[in-house]
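Below you'll find the structure, written out as C-alpha cells, and then a few comments.
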Amino acid sequence: MPDKKGYFGQYGGRFVPETLIPALQELEAAYAGAKKDKSFQNELKHLQATYIGRPTPLYFAKRLTKHLGGAKIYLKREDLAHTGAHKINNALGQALLAKKMGKKRLIAETGAGQHGVATATGAALVGLECEIYMGSEDTKRQALNVFRMKLLGADVNEVNIGSRTLKDAINEALRDWTTNVRTTHYVMGTVFGPHPFPMMVRDFQSVIGKETKRQMFKTEGGLPDYLIACVGGGSNAMGLFNEFLDDDVKMIGVEAGGKGIGTGEHAARFAGGSLGVFQGCKSYLLQDEDGNVLGTHSVSAGLDYASIGPEHPYLKGIKRVYYTYATDTEALEAFELLSKIEGIIPALESAHAVAEVVKLAPKLSKNKIIVINLSGRGDKDVQHVARIKDITV
Amino acid sequence: MNRIEDTFKRLKAENKKAFIPYIMAGDPDLEKTGEHVMVLEECGADIIELGVPFSDPLADGPTIQRAAERALKAGVTLKKIIPFVKRIRNHSRTPIVLMAYYNSVFKYGEAAFIKDAVDAGVDGAIIPDLPPEEAESFIKLSRAANISTVFLIAPTSTKERVEKIVTACSGFVYYVSITGITGSRLALDERFKKHISAVKKSADMPVAVGFGVSTPEDAAMIARLADGVIVGSAIVKKFYEHPAGAKEFIKKLREAI
Ligand SMILES: Cc1ncc(COP(=O)(O)O)c(C=O)c1O
C-alpha cells in the first residue's frame, strides 16, 4: 500500500494542477531512491538518535492507570522529541530529502504550529530557506509557535482568506509551490495530499510504531492490546499503527468532536463527512451538498481540518481501525487530568487520545495494555487554555 | 464537430486568433453574470470561460479567490450555473466552457454533470485539479457526449507528459504561461517560447494560452505565439472594480489579439 497511482483502495490519488505533477513525480523517484540509499538512511538514523533524541521513551503511566482503575496505560512520549512533537520525524526526513534533491527552499503549512516549527528546524539544520503558511485564526491561538518559527529563521505568512485555518494555509502553500516549484520543496506535514505524500510521511513517522513494538516486548514481553492516537491529518496515528497492522492489536483513531457533532462545529470527518476530493487526494471530507468545503472547529488547531489522510478511510473500510471522537470539553478535561496526575502537560491534540482512554480504560480488565501516542507537549497550548478558562497569565 | 472546433476552424480561415475571456459565474450574482456575458459577446469573445465558484480554489490568485467568495455568498453553485447556461442559450451561440474544481463535479456526479451540461448547451470543461491520469472516466463520458475536455499543460510539463495530455484534450489545449496561479505576472522568456512551440508541434489541435495575461500588450504578444488568448483575472477585476470601463478594456484586448 498504496498502489502505483497512490491509492489505498479507492482513497488517495493525485489531484493537483499540472504544474505540480512533474514535481510530484520527481519527488516520488527521489524518495524511492532515498529509501534504498544506505548513506541517506544512515544519516537519518544518526540524526534521529543525536538530534531528535530517539528512541523516545515508552512510559508506564502508573498513576493514571490507578486512577482509571482498568487497563495498564503506556504513553509513547513523542512530546519528548526535539521541538516537542512527532512532527519533526517527518519534517527532518523531508528536509534531508529536499537537500539531496538540490532544492533551495522549504515551505510548509501549519495548524498548531508544531509542523511549522519542525520544518523551520529541519531547514536550519540542513541549511535551506524556509517559509511557513499559517491561518490567522491559528497564529492567534498558537502565538508562541509563531515566534519560535521566526527565531528559527523562517518567514511566517499569515493567511487571511477563507476560514483562516489549516486548510487555507495548505491552499496558500500549494499556490507558493506552484509558483516556485523548480527551487522549492513543499514539506506536507501529515499523511495527506497528493501521492507520494501520504505514503512518504507515513514511512517517516513509522519509527514511532517500530520503537513502540520493541519497547513493548522489552517491558511487557508482548504486544499491547490497544493503540490509541488522535487524528488530524493522521500522521501520528499512522506512525504508531503502521507497524502493528498485521498484528492482533486493536487500534482507535480519535478525531476532534469540537462542540459536538450535532452542532456542526467539529472536525470529525467520519462522523459528519462524505467522500470528496480535496487538496490533492480523494478521502473523507466535511463538505456541503455542492462539494464546497465546510468550516471546522476544534479547540486544538492541529485537528481542525476538513479532511483526513486517505489511508484512514481505507483502514476504517476494512475494519482494521476503529474511529471515534472526543469533544473540546473532554479534551480539556484530559489535558488537566494528565497534567495533574502524571506531571505531563499534553498537546491539546494528544489530549483527545487521552480523553478516549479515560472512557475506555475503566471498561477493560487490569491485564490489558493500552498505548497512547502522546504526539506532542502542551506548552504551546498553555496560553490558549488560560484564555478559555478566563485566566490572565 | 462541436461549437469549439467550429470556432477555431472559422478563425483559422479568417487568419485570426481566438479571444477567450473568463468570468466567475455568480460574481456578484447570476443576473449580473448574464449581463457580463452579453458584454463579452458584444466585444467579440470567441469562447467564454465560466468559472464555477469553489471554496478552496488552489490554482487561483487573490482576484479569482475573492470573486469565488462573492459568488458563493450569493448562493451560486454548479446546480444553478447549468440552468443559467441553458437560459443564455436562448439568445447566444458562443461556445461556453465551464472551469470547475474537481470536487464540484465529483459531488454532482461525473455522468450527471456531463448529461446536464450537454443538455444546457455547455461545450467543454476545464478542471484544473484533474490531471489526465485521474480523468479516465471523465474523458470517456465526455467523448461520448461530444463535450470538449480541456486539460492544462504547464511550463514544467515534460515531453512525455505533453504527449499524454494532448491526447486527453479535445477542442483545444490550455497552455499555462507561467509556473504560478491565475493573476500572476506574465514572463515571456526564451524557455516559454521554445516550450510552447514544442507543444504546438505535439498537438493536432489549437493551443490557447492563459494565466497572467492582463493587458492588451500581453494579449498581443501571446496572440503571435498561440491560437488563442485566455484572459481571466484582469477582466474579473475590471468588472468588479471599474464596471463602467470594462467594455472599453475588453474591446482593447480583442483588438490586440
Ligand atoms: C501534537 C500534535 N498532535 C497531533 C497533530 C495532528 O496531526 P496528525 O494527525 O497528522 O498527527 C498535530 C498537528 O499539528 C500536533 O501538533
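Each reported figure results from applying straightforward, stated rules to the coordinates on display, with no laboratory input. Given the structure is predicted, the values throughout are model-derived calculations rather than measurements. No Cβ is skipped: glycine too gets one built from the backbone with ideal geometry, and neighbour counts run over all protein chains shown.
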Please list A:56-67, B:184-195 highest first by mean number of surrounding beta-carbon atoms within 10 Å per residue.
A:56-67, B:184-195
Long-range HN-HN contacts of B:Tyr175 with modeled amide H, under 5 Å:
B:Ile153, B:Ala208, B:Val209, B:Gly210
Using Cα-Cα distances under 8 Å and only pairs 6 or more residues apart, what relative contact order does region B:3-256 have, in percent?
20 percent
Grab the beta carbon distance between B:Ala220 and B:Ala144, set R0 = 41 Å, and tell me the FRET efficiency rounded to 0.05.
0.60
Considering only B:Phe84, B:Thr7, B:Phe172, whose Cα is most displaced toward the positive end of the charge dipole of region B:3-256, charges sitting on Cβ of Lys, Arg (+1) and Asp, Glu (-1)?
B:Thr7
Would you calculate the separation in nanometres between label points at A:Lys366 and A:Asp288, each defined as 7 Å from the Cα along the Cα-to-beta-carbon direction?
5.5 nm
Using the Karplus curve 6.51 cos²θ - 1.76 cosθ + 1.60 with θ = phi - 60°, work out ³J(HN,Hα) for each residue of region A:337-343 in order, rounded to whole Hz, and write x for Gly and Pro.
4, 5, 4, 6, 8, 10, x
In sequence order, what are the phi-derived ³J(HN,Hα) couplings for region A:313-322 according to the Karplus relation 6.51 cos²θ - 1.76 cosθ + 1.60 with θ = phi - 60°, rounded to whole Hz, with x for glycine and proline?
x, 5, 5, 5, x, 8, 6, 7, 10, 9
When DSSP beta bridges are limited to those with both residues in region A:245-393, what percentage is antiparallel, rounded to the nearest 5?
60 percent
Semi-axes of region A:117-168's equivalent ellipsoid from the Cα gyration tensor, sqrt of 5 times each eigenvalue, largest first, rounded to whole Å?
21, 11, 7
Report the relative contact order of chain A, percent, no decimals, based on alpha-carbon pairs under 8 angstrom and at least 6 residues apart.
21 percent
Extent of chain B along each principal axis, from alpha carbon coordinates, in Å, largest to smallest?
43, 42, 35
Once phi is turned into θ = phi - 60°, what whole-Hz ³J(HN,Hα) does the Karplus curve with 6.51, -1.76 and 1.60 give for every residue of region A:79-92, x standing for Gly and Pro?
5, 8, 5, 3, 6, x, 6, 5, 3, 5, 4, 7, 4, 5
Return the whole-Å distance between the Cα centroid of region A:299-352 and the Cα centroid of region A:168-234.
15 Å
Under a 5 Å amide H to amide H cut-off, with H placed in plane at 1.01 Å, what residues pair with A:Arg14 once short-range neighbours are removed?
A:His195
Give the value in nm², to one decimal: projected area of the alpha carbon convex hull of region A:58-195, averaged over all directions.
10.0 nm²
By the scheme Lys and Arg +1, Asp and Glu -1, what is the net charge of all other residues having a beta-carbon under 10 Å from that of B:Ala67?
0
Positive minus negative residues near A:Gly291 (Lys, Arg vs Asp, Glu; Cβ under 13 Å):
-3
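Of all DSSP beta bridges in the protein assembly as shown, what percent run antiparallel (nearest 5)?
Bridges in the protein assembly as shown are about 20 percent antiparallel.
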Rh (Kirkwood, all Cα-Cα pairs) for region A:248-359, Å, reads 14.4 Å
Using alpha carbons only, how many angstrom separate the centre of region B:69-113 from the centre of region A:107-147?
38 Å
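Just subtract the alpha-carbon distance of A:Ser274 and A:Gln383 from 0.36 nm times their residue separation and send over the number in nm, one decimal.
So the extension gain works out to 35.8 nm.
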Nearest-0.05 FRET efficiency for A:Leu151 and A:Glu43, computed from C-beta distance (R0 25 Å):
0.50
Taking only Cα atoms of the protein assembly as shown, what ratio of Rg to Rh do you get with Rh as the Kirkwood inverse-distance radius?
1.01
Could you work out how much longer the chain between B:Arg89 and B:Glu163 gets when fully extended? Use 0.36 nm per residue separation minus the Cα distance between them, nm to one decimal.
23.2 nm
Report, by chain and number, residues whose modeled amide H sits under 5 Å from the one on A:Gly9, excluding near sequence neighbours (fewer than 5 apart, same chain).
A:Asp3
What FRET efficiency do you get for B:Lys251 and A:Asn160 if R0 is 41 Å and r is their Cβ-Cβ distance, rounded to the nearest 0.05?
0.70
Cα centroids of region B:1-32 and region A:18-80: how far apart, whole angstrom?
52 Å
Taking every other residue with Cβ under 9 Å from the Cβ of A:Glu342 and scoring Lys and Arg +1, Asp and Glu -1, one gets +3
As a quick test, which of the pairs B:Lys86/B:Lys107; A:Lys259/A:Lys366; A:Lys38/A:Lys150 have an alpha carbon distance above 23 angstrom in this structure?
A:Lys259/A:Lys366; A:Lys38/A:Lys150
Hey, what does the equivalent ellipsoid look like for region A:1-53, semi-axes from the Cα gyration tensor as sqrt of 5 times each eigenvalue, largest first, whole Å?
28, 14, 11
Considering the alpha-carbon set of region A:1-135 alone, what are its Rg and its Dmax in angstrom?
18.1, 56
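Using the alpha carbon gyration tensor of region B:128-257, what are the three equivalent-ellipsoid semi-axes (square root of 5 times each eigenvalue), largest first, in whole Å?
Values: eigenvalues 143, 63, 33 Å².
Largest first, region B:128-257 gives 27, 18, 13 Å.
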Packing-based ranking, highest mean first, of B:28-41, A:210-223 given that Cβ atoms within 10 Å are counted:
B:28-41, A:210-223
